[in-house]
Amino acid sequence: MSGIHSLTVAEKTILNIGFDDTDSPSGMCTTFLAYKMVGELSGQDAEFLDFPRLVRFNPNIPWKTRGNGAVSIRLQTGDPSGIKRRVRRMISRYSDTKNGANPGLVFLEGGRIPKQFAEFGSMALWRLVRRGDAKKFARQNGLDHTWMGNGQGLVGAIGAIGYDFGDHTLELLSYRRRSRFGTRRDLSAESVRAMQKITAPDTFSSFDARKGRVMIAPRGPDPVFYGVRGEDVAPLLRATEILRTSEKLDGHMIFKSNQGTGDHLRNKLDPGMSPYSSGTITGSVSAAPRILRGGHVMFAVLSGGHEFWCAVYKPTGMTSVAAGLIPGDRIRAGGGVRRASKRFPRVVNLEFIRVILPARETRTSNPPCKSCGKKMKSKGRNQGFECVKCGRRHPAKVRATVRRKVKRRLYLPDVSAHRHLTRPLQRMGRTNTARFDGSPGWFCVYEK
């Protein structure tokens with residue numbers, strides 16, 4: 001294996017490079033371009049100051065690329081112009097524009113990221129930001145930028161530079177050799193199961209034990225072979241030693257990411273919520289759940305005097321929880337806003353349900369006989385009840401509290417239904433403090 005050794009040259013310029021939408025449904029991958037870029041720039045006048053940043057933006061955007069992820073790279077160089085030329089050539093070479101990629105590229109010089117960049121990145125995390133907004137932002141801020149196609153990639157390129165990490169995780173992405181692109185991935189499921197058991201809780205969402213499903217290998221034709229998410233470099237490198245495959249891989253790179261942070265659900269949804277927004281609502285269940293065709297569940301929540309319709313879909317594994325809610329349950333729920341239809345107004349497609357306070361549920365029934373324990377039978381209208389065995393009588397039905405299955409707790413989808421940004425249970429209350437120190441291992445090209 002060959003690693004990267006940082007250069008130390010006096011009076012360098014700090015250069016931030018952001019890019020997005022270089023892939024298409026037919027192939028390529030923005031993170032693979034980042035991998036190739038780091039490999040090429042490491043031999044030049046470049047000192048990397050942080051892990052490459054893989055930022056996942058609003059997952060509800062209908063025209064998003066796979067995972068809706070953009071990348072930024074932060075480095076020091078004595079030759080910013082030369083670095084920019086190389087990066088532009090690589091964006092042109094590796095972007096799959098023939099199959100619909102719409103790449104955007106942004107350069108920002110200087111160590112301080114202006115506040116407006118962070119605000120832009122925050123908006124792109126939970127709401128719809130249009131490419132026109134990104135082009136206007138680039139012009140108003142005098143950015144050195146390039147775009148191809150319709151320029152949709154500028155949104156992610158700007159946002160990836162400006163994104164303010166309150167919490168973060170790391171992801172080790174392992175890449176295939178070009179000759180293997182589009183072929184079936186041979187990854188031992190048992191090795192993935194073992195890796196998760198050995199490295200947890202410092203890795204997460206690798207294997208869905210309930211469904212027996214591998215969660216780290218994509219299914220498409222892109223260059224990624226697997227991606228392991230975790231908290232620090234050491235457990236990620238340990239994972240590569242445990243995973244088993246007969247395929248010879250090209251190499252790996254570790255990214256700093258907002259995956260597994262749940263950051264897209266920090267925003268509070270309001271009655272005027274725009275389609276494709278992400279956020280949360282807190283209130284009381286106001287309409288009993290309806291079970292729809294296919295086993296999906298819908299119910300309504302009253303929050304701030306406004307009613308929000310919520311949907312829980314069968315693949316999430318949360319439909320039994322949703323169906324068990326009753327009017328009066330106080331909950332907090334989060335998800336993405338779906339456009340209105342003929343049958344329903346805008347609906348929040350839920351990604352989690354937290355039951356804050358379950359309502360008390362009571363039911364009336366025939367009274368039990370205190371002597372024999374059996375249910376009494378009605379003697380007729382307004383004639384009370386009588387035990388058929390001992391003759392004991394009772395004047396009316398009794399009301400009793402029902403033991404409910406829904407408890408005061410957080411409910412998440414099955415691991416296989418998690419989105420990239422979903423915060424898993426093992427990360428609840430955890431904030432990552434891992435920092436980049438430039439030590440070998442975060443980037444590796446394997447021996448041929």
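The values are calculated or read from the model by the stated rules, or taken from the named source; none is laboratory data. Note that the coordinates shown come from a computational prediction; the quantities given were computed from them, not determined experimentally. Please note: Cβ atoms are built from the backbone with ideal geometry, for glycine as well, and neighbour counts cover all protein chains shown. Heavy atoms of the whole protein, side chains included, go into the accessibility calculation; ligands, DNA and RNA do not. Shrake-Rupley method; radii C 1.70, N 1.55, O 1.52, S 1.80 Å.
Structure data summary
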{"read-out": "Set of aspartates and glutamates near residue 98 by C-alpha distance (under 14 Å), chain-local residues within fewer than 8 positions excluded", "value": "21, 23"}
{"read-out": "Estimated FRET transfer efficiency (residue 435, residue 365; beta-carbon r; R0 41 Å; 0.05)", "value": "0.10"}
{"read-out": "CD proxy at 222 nm, helix term only [per DSSP H run n ≥ 4: -39500 (n - 2.57); per residue of the chain; nearest 500]", "value": "-5500 deg cm²/dmol"}
{"read-out": "Global form of region 254-309, assessed from the alpha-carbon gyration tensor, a/c cut-off 1.5", "value": "oblate"}
{"read-out": "Computed E for residue 425/residue 63 - FRET, C-beta separation, R0 51 angstrom, nearest 0.05", "value": "0.95"}
{"read-out": "Derived scalar couplings ³J(HN,Hα) [region 176-182; Karplus, 6.51 cos²θ - 1.76 cosθ + 1.60; whole Hz; x for Gly, Pro]", "value": "8, 6, 4, 5, 9, 4, x"}
{"read-out": "Qualifying trypsin sites (Lys or Arg not before Pro) in region 225-271, DSSP loop, other Cβ atoms within 10 Å at most 14", "value": "244, 248"}
{"read-out": "For region 397-448: Kirkwood Rh in Å [reciprocal of mean 1/r, alpha carbons]", "value": "16.8"}
{"read-out": "Per residue accessible area in Å² of region 35-121, where ligands, DNA and RNA are left out and the probe is 1.4 Å", "value": "39"}
{"read-out": "Dimensionless Rg ratio for the chain, taking C-alpha atoms and the 2.2 N^0.38 Å reference", "value": "1.21"}
{"read-out": "Heavy-atom accessible surface of the chain: percent carbon and sulfur, 1.4 Å", "value": "48"}
{"read-out": "Hits among lysines - C-alpha to C-alpha of residue 342 under 23 Å, sequence gap 8 or more where chains match", "value": "314"}
{"read-out": "Placed amide H near residue 307: partners under 5 Å, 5+ positions off or other chain", "value": "none"}
{"read-out": "Prolate/oblate/rounded call for region 278-399, Cα gyration tensor, a/c under 1.5 rounded", "value": "prolate"}
{"read-out": "Calculated FRET value between residue 274 and residue 26, using beta carbons and R₀ = 45 Å, to 0.05", "value": "0.90"}
{"read-out": "Label point distance in nm, residue 448-residue 191, each placed 7 Å from Cα along Cα→Cβ", "value": "2.3"}
{"read-out": "Summed residue charge, Cβ within 9 Å of residue 77's Cβ, Lys/Arg positive, Asp/Glu negative", "value": "-2"}
{"read-out": "Anisotropy class of region 147-209 from Cα gyration tensor, a/c 1.5 cut", "value": "oblate"}
{"read-out": "Helix axis angle, 80-94 relative to the chain longest principal axis, alpha carbon, degrees", "value": "60"}
{"read-out": "Under the Karplus curve 6.51 cos²θ - 1.76 cosθ + 1.60, θ = phi - 60°, whole-Hz ³J(HN,Hα) for region 246-254, x wherever Gly or Pro sits", "value": "8, 7, 7, 9, 7, x, 9, 8, 9"}
{"read-out": "Partner lysines for residue 397 [C-alpha distance under 23 Å; skip if fewer than 8 residues away on the same chain]", "value": "370, 374, 375, 377, 379, 389"}
{"read-out": "Helix 153-162 axis, angle to the chain major axis (alpha carbon atoms, nearest 10°)", "value": "90"}
{"read-out": "Residues with amide H under 5 Å from that of residue 329, placed H, sequence gap 5 or more", "value": "285, 359"}
{"read-out": "Alpha carbon centroid spacing (whole Å) that separates region 371-448 from region 171-230", "value": "30"}
{"read-out": "Per residue solvent-accessible surface (Å²) - region 125-259, probe of 1.4 Å", "value": "42"}
{"read-out": "Between 0 and 90°, nearest 10: helix 131-140 axis offset from the chain longest Cα axis", "value": "50"}
{"read-out": "Stretchable slack from residue 386 to residue 400, in nm (0.36 nm times residue separation minus alpha-carbon distance)", "value": "3.2 nm"}
{"read-out": "Separation of the residue 119 and residue 356 label points, Cα + 7 Å toward Cβ, nm", "value": "3.0"}
